[in-house]
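J.: My questions all concern the structure below.
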Amino acid sequence: MTRYNFKSIILISALAVAFVSCGKATKAEGEEEVLPEDIVELREDQIKLANIETGKIELRSMSGTLKVSGTVSVAPQNLATVSMPMGGFVKSTNLMPGNSVRKGQTLAILENSEFIDIQQNYLEAKNKLEYAEAEYTRHKELYKDDVYSQKNLQQVTTEYKNLKSLVSAFKQKLELIGINPARLTEDKISRSVTLVSPISGYVKAVNVSIGKSVSSSDVLFEIVNSDKLFLELTLFEKDADKVTNGEKIRFYINNETEQHDAVIYQTAKSINNDKTYKVYANVVGHCKNMLPGMYVNAVIQAKSNQVSSVPSESIVSFDDKDYIFVHDKNKVENGKNMTEYRMIQIQKGVEADGFTEIVLPEGFNYRDAKLIIKGAYNLLSAKKNAGEMSC
């Protein structure tokens, strides 16, 4: 290994010296040729020194794994934020974060004088409605017998309907704060109401204390049901066609080695501004250590496709971008045979059996391109060390 590294250093240094010593290529005496930034120009002796070999960009059936990251999430119907529509003072609560709760279980008891007013108004309106309903029925019968005028009947009907809507409104308010109107009587008016859990799960947050005054906009409790979790995974745009609904994936939470399984149930229908793509998967089974918001690493088995691929060693990286080199043209300059190589930016896909899938620029003719399959790193090293692309 030491011998190989030593030879590589000598080769790169020799190329760098060759590039620097050449400076800018001259087309005539005193006239400089300025080459594009993506072009590397070599003489025949430099090509031999760099061990340049060419090949083809191939269409291959590639299948491999995609390593992606994401988070554990919970469906909206399994996450509840609990508030009291009318507010009040907290009379009692015995819950702590992490406690398990059942649907309908008491979370806290609140007091408010307005609770008394609503119950009183409901009962008064209900009693008036009973009388108005009897009057309406009586006047309707009298009107049939031509004893009462239509005007009198209309007045009684209007009063009856107004009271009926008033009772219905008070009934809705009572149900909203958790009081059952069917069980409410003149002897059972209460200044306190019971706040109950809308779902089963565990308490994620408790934002109350005894005697605390809360408003209708305050979130008092957060309840999470972790029985049905899903993953929200982030893929790059170039990998959007490599996953399908129903595909099984493996994932790991935090730094654990235990493998968990999930099944993709939906893929996003659009690409985000940062060129990423969302994939959603239902978690299979249950893990007590898995909670919403946790970070996960997932492995997806990418499906097999006929894609453009190159030997992995022909891809080089520079400034956080990936490139390949292709033969551009041969020419004679000042009586010397020269060859130009063009640097093409690509995007990498899956890798398998020493080949890597690539996404080429739009309109690039891969069939006629002569790919640099060996010596690409020597070209890149000469570029970075010499800082010049011409010779």
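J.: Restricting to region 71-81, and then to whatever is among the hydrophobic types (A, V, I, L, M, F, W, C) and touching a Pro at 6+ places or on another chain (Cβ under 7 Å), can you tell me which residue is surrounded by the most Cβ atoms within 10 Å (Cβ to Cβ)?
T.: Ranking the candidates gives 72 first.
J.: Hey, residue 346 hits all of (1) modelled with pLDDT under 90; (2) within 22 Å of residue 234 (Cβ to Cβ) but one; which does it fall short on?
T.: Unmet condition: (1).
J.: Take residue 334 and decide whether it is assigned by TED's automatic domain parsing to the domain that holds residue 58, modelled with pLDDT under 85, surrounded by fewer than 17 Cβ atoms within 10 Å (Cβ to Cβ) and of a type outside the set (Asp, Glu).
T.: Numbers: assigned by TED's automatic domain parsing to the domain that holds residue 58: yes; modelled with pLDDT under 85: yes; surrounded by fewer than 17 Cβ atoms within 10 Å (Cβ to Cβ): yes; of a type outside the set (Asp, Glu): yes.
Yes, satisfied.
J.: Moving on to the next point. Looking at region 316-339 only, could you name the residues that are within 44 Å of the chain's Cα centre (by Cα) and either in a strand (DSSP E or B) or touching a residue at least 12 places away in the same chain (Cβ under 8 Å) (or both)?
T.: Scanning region 316-339 gives 316, 317, 318, 321, 322, 323, 324, 325, 326, 327, 328.
J.: Any idea which of 241, 261, 218 is surrounded by fewer than 19 Cβ atoms within 10 Å (Cβ to Cβ), modelled with pLDDT under 85 and not β-branched (Val, Ile, Thr)? Walk me through how you get there before you give the answer.
T.: Values: 261 fails: modelled with pLDDT under 85; 218 fails: modelled with pLDDT under 85.
After applying the criteria, what remains is 241.
J.: Does residue 210 qualify as being modelled with pLDDT of 85 or more, within 30 Å of residue 114 (Cα to Cα) and part of a loop (DSSP other than H, G, I, E, B)?
T.: Values: modelled with pLDDT of 85 or more: yes; within 30 Å of residue 114 (Cα to Cα): yes; part of a loop (DSSP other than H, G, I, E, B): yes.
So residue 210 passes the test.
J.: Can I ask one more? Of (1) out of contact with any strand residue (DSSP E or B) (no Cβ under 6 Å at 6 or more places or on another chain); (2) touching a residue at least 60 places away in the same chain (Cβ under 8 Å), residue 72 satisfies all except one. Which?
T.: Of the numbered conditions (1) out of contact with any strand residue (DSSP E or B) (no Cβ under 6 Å at 6 or more places or on another chain); (2) touching a residue at least 60 places away in the same chain (Cβ under 8 Å), the odd one out for residue 72 is (1).
J.: Now a separate question. For region 264-285, what are the residues that are in contact with a strand residue (DSSP E or B) (Cβ under 8 Å, 6 or more places away or on another chain) and assigned to a loop (DSSP other than H, G, I, E, B)? Spell out the reasoning first.
T.: We begin by selecting, within region 264-285, every residue in contact with a strand residue (DSSP E or B) (Cβ under 8 Å, 6 or more places away or on another chain); these are 264-268, 271-272, 275-285.
Residues satisfying the conditions are 268, 271, 272, 275, 285.
J.: Kindly list, by first and then second residue, each pair from a residue in region 270-295 that is free of Cβ contacts under 8 Å to residues at least 40 places away in the same chain to a residue that is loosely packed, with under 11 Cβ neighbours inside 10 Å and of a type in the set (D, E, K, R), limited to pairs with Cβ atoms under 8 Å and residues at least 6 apart or on different chains.
T.: 287/258
J.: For residue 226, state whether it is part of a loop (DSSP other than H, G, I, E, B), touching a residue at least 24 places away in the same chain (Cβ under 8 Å) and under 30 Å from residue 271 (Cα atoms).
T.: Numbers: part of a loop (DSSP other than H, G, I, E, B): yes; touching a residue at least 24 places away in the same chain (Cβ under 8 Å): yes; under 30 Å from residue 271 (Cα atoms): yes.
Yes: the conditions hold for residue 226.
J.: Looking at (1) at pLDDT 90 or above; (2) at negative phi; (3) in contact with a strand residue (DSSP E or B) (Cβ under 7 Å, 6 or more places away or on another chain); (4) not assigned by TED's automatic domain parsing to the domain that holds residue 297, which is the only condition residue 104 fails?
T.: (2)
J.: Given the options 94, 112, name the one that is surrounded by fewer than 16 Cβ atoms within 10 Å (Cβ to Cβ), over 32 Å from the mean Cα position of the chain (by Cα) and not assigned by TED's automatic domain parsing to the domain that holds residue 249.
T.: Values: 112 fails: surrounded by fewer than 16 Cβ atoms within 10 Å (Cβ to Cβ).
Just a single option satisfies the conditions, and that option is 94.
J.: Kindly provide the set of residues from region 343-366 that are assigned to a strand (DSSP E or B), buried (at least 16 other Cβ atoms within 10 Å of the Cβ) and touching a Phe, Trp or Tyr at 6+ places or on another chain (Cβ under 7 Å), ordered by number.
T.: Selection gives 343, 344, 346.
The values are calculated or read from the model by the stated rules, or taken from the named source; none is laboratory data. All values reported here derive from a predicted model rather than from experimental measurement. Positions of Cβ are backbone-derived with ideal geometry, glycine not excepted, and every protein chain shown enters the neighbour counts.
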